[in-house]
1. How large is Rg/Rh for the chain, to two decimals, with Cα atoms and a Kirkwood Rh?
2. Given just the C-alpha atoms of the range 7-55, how large is their convex hull per residue in cubic angstrom?
3. How would you rank Ser23, Ser52, going from fewest to most other Cβ atoms within 10 Å of each one's own Cβ?
4. What is the mean projected area of the alpha carbon convex hull for the range 44-95, to one decimal in square nanometres?
Amino acid sequence: MGRQRQTYTAEFKREAVALLAQSGRSIADVSRQLAVHRNLLRRWQQELATASAPFPGRGHRPEDEIEQLRRERDRAREDLAIVKKALAYFAKERA
């Protein structure tokens, strides 16, 4: 049976990169201390340095955005129902 993938919080990632910068030790030493792979620590370091919004998460949307999308969906369903009724009305007039 395979291992489950380890996930780390954005706070942990930031603290790990800060520890790497402040300690002056190598990536290999810090990664052994934190029990993470050195390439992972290097990727966090690069992402923190280059990204405008580092460590965004795994696709979790804020609740207000989800509610907005639900309202838009409901409005689209209402519009579709109106169009269907109008189509049925005009089809009935033709016959």
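No value in this document is a laboratory result; all are computed from the given coordinates. Remember, it's a predicted structure, so these values are computed and weren't measured experimentally. Every residue, glycine as well, gets a Cβ built from its backbone with ideal geometry; the counts of neighbours run over all protein chains shown.
1. 1.43
2. Enclosed volume per residue, from the Cα hull, is 67 Å³.
3. Ser52, Ser23
4. One quarter of the hull surface, i.e. the mean projection, equals 5.9 nm².
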